[in-house]
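The values are calculated or read from the model by the stated rules, or taken from the named source; none is laboratory data. Here the structure is a predicted model, which means the values were calculated and not measured. Because the Cβ atoms are built from the backbone with ideal geometry, glycine has one as well, and the counts that use them run over all protein chains shown. What goes into the accessible areas is simple: the full protein's heavy atoms, side chains included, and nothing from ligands, DNA or RNA. Shrake-Rupley method; radii C 1.70, N 1.55, O 1.52, S 1.80 Å.
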Amino acid sequence: SAAAPQANEAIVRSLLRAQAPAYADRPLVPGPTGWDNAHWVMGELAVRLPRRASAVPLVANEVAVLGALAGALPLPVPTPVHVGEPTAAWPWPWTIVPWFDAERADLAYPPPPPDEHGAALGGFLRALHVPAPPGTPRNAYRGVPLAARAERTEAAFQRVARTGLLRPAGIAALRSGWNTGLSAPRHEGPDSWMHGDLHPGNQLVRDGTLHAVVDWGDTAAGDPATDIATAWWSLPQEGHDAFREAYGGVDDALWARGTGWAAAISAVILGDGTAAGDPAIVGVAHRTAERLRLA
């Protein structure tokens with residue numbers, strides 16, 4: 001999709017002066033640039049700007065859902081404190097969000113203890129995975145029946161085989177995980193809230209403890225198995241029991257579908273390879289394949 005102009009300090013200051021003057025004189029420091037958004041940090045807050053047109057609906061989704069969800073969750077989330085409008089200098093809406101002084105879980109060293117991290121993740125998802133009210137947004141790519149992703153996932157497996165980024169044993173492990181999910185009973189009952197993209201890059205750790213969960217653009221109502229995938233993405237197997245216990249019991253069908261989601265998204269990441277734009281996330285996909293191989 002179309003790319004935005006480079007977000008520089010002059011552009012950010014012009015947005016603040018015009019629309020959020022209370023923040024206009026704060027020191028600005030360039031923050032992390034992700035696939036969808038760039039950040040300019042100003043102390044405990046940050047200006048968050050979409051980097052491409054496809055990210056604009058995700059920003060709108062975050063604004064809509066975080067206000068409804070934040071108070072029910074046991075960890076901080078980046079609920080926007082200001083929503084800005086496009087200008088001549090910047091073509092899309094932008095936000096001011098809380099900025100958490102913490103590390104990505106996949107980059108933290110030493111990594112958080114598996115049992116503690118698993119329990120924190122499971123407890124967080126237990127709080128999140130409540131029935132979503134009527135009118136909650138849907139996501140065409142997350143929270144859907146795995147069969148709806150079959151064509152896309154098979155294409156990803158073909159790309160993985162061509163790139164050589166994964167050995168045959170790893171591809172076989174991902175395929176096995178995918179088939180486990182695909183053959184599991186489908187989601188029954190009400191659709192729940194789900195994060196939709198709960199890889200460890202969107203989990204922030206401070207002092208070895210899960211501190212906040214960010215990047216809610218894919219949040220929607222759907223099958224909570226999409227989020228259960230994070231057990232494979234985020235934890236070695238010794239953390240899985242703590243995750244399942246803290247969640248309040250992950251039944252076999254939900255776990256199987258979560259395994260399928262973990263494998264499918266990992267295949268997409270590895271199929272994209274360096275084009276995924278985040279080497280750490282490629283590492284997550286490699287670790288997922290290895291964990292499934294050893295399971």
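Please determine, by comparing only the residues of the range 45-82 that are closer than 19 Å to Leu28 by Cβ and among the hydrophobic types (A, V, I, L, M, F, W, C), which one is surrounded by the most Cβ atoms within 10 Å (Cβ to Cβ). Please lay out each step first, then the result.
Initial filter on the range 45-82 (closer than 19 Å to Leu28 by Cβ): 45-51, 78, 80-82.
Now narrow it down to the ones that are among the hydrophobic types (A, V, I, L, M, F, W, C): 45-47, 49, 81.
Values: Leu45: 19, Ala46: 23, Val47: 28, Leu49: 25, Val81: 12.
Here the answer is Val47.
Going by the conditions given, is Ala105 among the small types (Gly, Ala, Ser), in contact (Cβ under 8 Å) with a residue 60 or more places away in the chain and open to solvent by 10 Å² or more (accessible area, probe 1.4 Å)? Explain how you work it out, then say what you get.
Numbers: among the small types (Gly, Ala, Ser): yes; in contact (Cβ under 8 Å) with a residue 60 or more places away in the chain: yes; open to solvent by 10 Å² or more (accessible area, probe 1.4 Å): yes.
Here the answer is yes, as Ala105 does meet what is asked.
Filtering the range 200-227 down to residues that are among the acidic types (Asp, Glu) and touching a helix residue (DSSP H, G or I) at 6+ places or on another chain (Cβ under 8 Å), which residue is farthest from Leu49 (Cα to Cα)? Give the derivation first.
Initial filter on the range 200-227 (among the acidic types (Asp, Glu)): 207, 215, 218, 223, 227.
Filter once more, so that each one left must be touching a helix residue (DSSP H, G or I) at 6+ places or on another chain (Cβ under 8 Å): 215, 218, 223, 227.
On the way: Asp215: 13, Asp218: 16, Asp223: 29, Asp227: 25 Å.
It comes out as Asp223.
For Val205, are the conditions met, namely being assigned to a loop (DSSP other than H, G, I, E, B), buried (at least 19 other Cβ atoms within 10 Å of the Cβ) and touching a residue at least 12 places away in the same chain (Cβ under 8 Å)?
Values: assigned to a loop (DSSP other than H, G, I, E, B): no; buried (at least 19 other Cβ atoms within 10 Å of the Cβ): yes; touching a residue at least 12 places away in the same chain (Cβ under 8 Å): yes.
In short, no.
How many residues, within the range 224-282, are of a type in the set (D, E, K, R), part of a helix (DSSP H, G or I) and surrounded by fewer than 24 Cβ atoms within 10 Å (Cβ to Cβ)? Reasoning before the result, please.
Taking the range 224-282 as the starting set, the residues that turn out to be of a type in the set (D, E, K, R) are 227, 238, 241, 244-245, 251-252, 257, 272, 278.
Narrowing further to those that are part of a helix (DSSP H, G or I): 227, 238, 241, 244-245, 252, 257, 272.
Narrowing the set further to residues that are surrounded by fewer than 24 Cβ atoms within 10 Å (Cβ to Cβ) leaves 238, 241, 244-245, 252, 272.
Total satisfying the criteria: 6.
Given Gly283, Gly208, Gly258, which one is in contact with a Pro (Cβ under 8 Å, 6 or more places away or on another chain) and small (Gly, Ala, Ser)?
Working: Gly283 fails: in contact with a Pro (Cβ under 8 Å, 6 or more places away or on another chain); Gly258 fails: in contact with a Pro (Cβ under 8 Å, 6 or more places away or on another chain).
The conditions single out Gly208.
Among the residues of the range 29-44, which ones are touching a strand residue (DSSP E or B) at 6+ places or on another chain (Cβ under 8 Å) and open to solvent by 40 Å² or more (accessible area, probe 1.4 Å)? Can you show your working first?
Our first condition is that a residue be touching a strand residue (DSSP E or B) at 6+ places or on another chain (Cβ under 8 Å); within the range 29-44, this holds for 29-33, 36-42, 44.
Hits for the range 29-44 are Val29, Pro30, Pro32, Thr33, Glu44.
This table checks each residue for (1) at pLDDT 95 or above; (2) of a type in the set (Gly, Ala, Ser).
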site: His240; (1), (2): yes, no
site: Phe243; (1), (2): yes, no
site: Ala253; (1), (2): yes, yes
site: Trp261; (1), (2): yes, no
site: Thr274; (1), (2): no, no
site: Arg287; (1), (2): yes, no
site: Arg293; (1), (2): yes, no
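Please state which one of Ala172, Ala156 is small (Gly, Ala, Ser), open to solvent by 40 Å² or more (accessible area, probe 1.4 Å) and assigned to a helix (DSSP H, G or I). Can you show your working first?
Working: Ala156 fails: open to solvent by 40 Å² or more (accessible area, probe 1.4 Å).
Result of the check over Ala172, Ala156: Ala172.
In the list Ala184, Ala150, which residue meets the criterion of being over 24 Å from Asn61 (Cβ atoms) and assigned to a loop (DSSP other than H, G, I, E, B)? Quick ask: steps written out before the conclusion?
Numbers: Ala150 fails: assigned to a loop (DSSP other than H, G, I, E, B).
Just one listed residue meets the conditions, Ala184.
Looking at the range 127-137, can you tell me whether even one residue there is under 18 Å from Trp255 (Cβ atoms), in contact (Cβ under 8 Å) with a residue 24 or more places away in the chain and touching a Ser or Thr at 6+ places or on another chain (Cβ under 8 Å)? Lay out the reasoning, then the answer.
Of the residues in the range 127-137, the ones under 18 Å from Trp255 (Cβ atoms) are 128-129.
Applying the additional criterion that residues be in contact (Cβ under 8 Å) with a residue 24 or more places away in the chain yields 128-129.
With the extra rule that they be touching a Ser or Thr at 6+ places or on another chain (Cβ under 8 Å), the set shrinks to 128-129.
Within the range 127-137 (the criterion being under 18 Å from Trp255 (Cβ atoms), in contact (Cβ under 8 Å) with a residue 24 or more places away in the chain and touching a Ser or Thr at 6+ places or on another chain (Cβ under 8 Å)), the answer is yes, since at least one residue qualifies.
Under the condition of being touching a Lys or Arg at 6+ places or on another chain (Cβ under 8 Å) and closer than 30 Å to Glu238 by Cα, which residue from the range 79-117 is modelled with the lowest pLDDT?
Checking each candidate, the answer is Asp101.
Can you name the number of the only condition in (1) buried (at least 19 other Cβ atoms within 10 Å of the Cβ); (2) in a loop (DSSP other than H, G, I, E, B); (3) in contact with a helix residue (DSSP H, G or I) (Cβ under 8 Å, 6 or more places away or on another chain) that Asp197 fails?
Unmet for Asp197, out of (1) buried (at least 19 other Cβ atoms within 10 Å of the Cβ); (2) in a loop (DSSP other than H, G, I, E, B); (3) in contact with a helix residue (DSSP H, G or I) (Cβ under 8 Å, 6 or more places away or on another chain): (3).
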